[in-house]
1. Say we look at segment 103-136 and pick out the residues that are surrounded by 10 or more Cβ atoms within 10 Å (Cβ to Cβ) and within 25 Å of the chain's Cα centre (by Cα); which of these is farthest from LEU92 (Cα to Cα)?
2. Going by the structure shown, is LEU139 aliphatic (A, V, I, L, M), out of contact with any Asp or Glu (no Cβ under 9 Å at 6 or more places or on another chain) and exposed (fewer than 10 other Cβ atoms within 10 Å of the Cβ)?
3. Among the residues of segment 81-95, are any of a type in the set (Phe, Trp, Tyr) and either under 30 Å from LEU19 (Cβ atoms) or surrounded by 13 or more Cβ atoms within 10 Å (Cβ to Cβ) (or both)?
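The values are calculated or read from the model by the stated rules, or taken from the named source; none is laboratory data. Fair warning: this is a prediction, and the values are worked out from it, not measured in the lab. Cβ coordinates were reconstructed from backbone atoms using ideal geometry, including for glycine residues, and neighbour counts include every protein chain displayed.
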Amino acid sequence: MEEIESKEVEKVAVSYGYLLPKEHPLHIPPHVALARLVISCNLSFNCFNLGCPNLLKEKDVENMRLEIDILHARNTEKDKGKKFEGSWTRVLVIMLLTYATLTMYMSVVLHVENPFLNALVPTMGFNLSTWSLPHVKALWIRWHDFLSSRSQDDIRTSLRRVNDQSP
C-alpha cells in the first residue's frame, strides 16, 4: 500500500515540478516533466483519461503542451540566429562595413597613401578570423582527447600503485 502511495506522490511531484520557479531546486522543465510522467504512468499523453484521474487535470497537460510548443518556437528562433551567425551574408556585410570605415579613417584622419589598398589588409584579417578550419579543429580535438585520456591513465596508474602499497 505504501509503495503505491509513494509512486502516486512521485507522479504528482513530477507532474507539478514544472510549476515551481526556475530557481527552485526541484523545478523540472515542462517537457522533462511530461516525459517522466508518461514513462512513470506507462501510458500515453492522455494519462488523465486512462486511470490516473487524480494525477493530472486536462488543463495541466494542455499547459505543459503549450510550454513545450513555446520552447520549440524559441529553439527554432535560436537555430535561425545561429545560422545567420555563420552565414556568408553576415561575413560579407561586416567586411564591407569594415573596409568602408577603415578607408574613410585612413584617408580623412591618418592621411595614408592608398587608403583603398591599405584597408584591405585588416578586412582580409577579419575574413580569415571567421573561418572555422574544420581540419585544424579535428586535429586539435584528437590531440586534446589523446592528452586527456593519457592523463586519466596516469591517474588510474597512480591509484593502482597506492592501492597496491596499502596493507
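1. Checking each candidate, the answer is VAL136.
2. On the way: aliphatic (A, V, I, L, M): yes; out of contact with any Asp or Glu (no Cβ under 9 Å at 6 or more places or on another chain): yes; exposed (fewer than 10 other Cβ atoms within 10 Å of the Cβ): no.
No: the conditions fail for LEU139.
3. Going through segment 81-95, the residues of a type in the set (Phe, Trp, Tyr) turn out to be 84, 88.
Within this subset, residues satisfying the condition of being either under 30 Å from LEU19 (Cβ atoms) or surrounded by 13 or more Cβ atoms within 10 Å (Cβ to Cβ) (or both) are none.
Checked segment 81-95: no residue is of a type in the set (Phe, Trp, Tyr) and either under 30 Å from LEU19 (Cβ atoms) or surrounded by 13 or more Cβ atoms within 10 Å (Cβ to Cβ) (or both).
Yes or no, residue by residue, for (1) touching a Ser or Thr at 6+ places or on another chain (Cβ under 6 Å); (2) assigned by TED's automatic domain parsing to the domain that holds PRO29; (3) in a helix (DSSP H, G or I):
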{"site": "MET64", "(1), (2), (3)": "no, yes, yes"}
{"site": "ASP79", "(1), (2), (3)": "no, yes, yes"}
{"site": "MET104", "(1), (2), (3)": "no, no, yes"}
{"site": "VAL112", "(1), (2), (3)": "no, no, no"}
{"site": "GLY125", "(1), (2), (3)": "no, no, yes"}
{"site": "LEU128", "(1), (2), (3)": "no, no, yes"}
{"site": "LEU139", "(1), (2), (3)": "no, no, yes"}
{"site": "TRP143", "(1), (2), (3)": "no, no, yes"}
{"site": "ARG161", "(1), (2), (3)": "no, no, yes"}
